[in-house]
1. Using the alpha carbon gyration tensor of the chain, what are the three equivalent-ellipsoid semi-axes (square root of 5 times each eigenvalue), largest first, in whole Å?
2. Please give the peptides 57-64, 28-35 ranked by average Cβ packing (other Cβ atoms within 10 Å per residue), highest first, as a rough proxy for protection.
3. Which one of VAL21, VAL37, VAL49 has the biggest mean-square fluctuation once the chain is modelled by GNM with Cα springs under 10 Å?
4. Calculate, in nm to one decimal, what ILE8 and SER23 gain on full extension: separation in residues at 0.36 nm each, minus their alpha carbon distance.
Amino acid sequence: MKRMFWFIVGFVAGVFGSRYVKSKAKNAASQVSPSQVASDLYDGALWLVNQGIEFVNNLRRDDNEAEQSNEGQVYINRE
């Protein structure tokens with residue numbers, strides 16, 4: 001009896017859950033337009049490029065700071 005109860009509860013939850021998800025997906029799809037998708041893609045690409053530029057600038061700044069902190073040091077090659 002317990003197994004039958006939980007089977008029916010799971011089945012009902014699955015049916016209503018899938019209906020809920022389907023209606024949410026339809027509502028979301030109706031709100032999306034091609035121009036909005038293009039705008040979102042452009043904004044995402046712009047953000048990604050800016051993050052890349054910032055990353056490279058941080059690497060260069062760190063490299064310059066490392067070079068300045070090592071000025072005047074003598075390196076001996078022992079081979």
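1. On the way: eigenvalues 702, 140, 11 Å².
Gyration-tensor ellipsoid for the chain: 59, 26, 7 Å.
2. On the way: 57-64: 10.0, 28-35: 8.4.
Final packing ranking: 57-64, 28-35.
3. Among VAL21, VAL37, VAL49, the largest GNM mean-square fluctuation belongs to VAL21.
4. Details: separation 15, 0.36 × 15 = 5.40 nm, distance 2.27 nm.
Difference between extended and current length: 3.1 nm.
All of the numbers you see were taken from the coordinates with simple rules; none came from a lab. Keep in mind that this is a model prediction, so the values were computed, not measured. Reconstructed Cβ throughout: ideal geometry from the backbone, glycine too, with neighbour counts over all protein chains shown.
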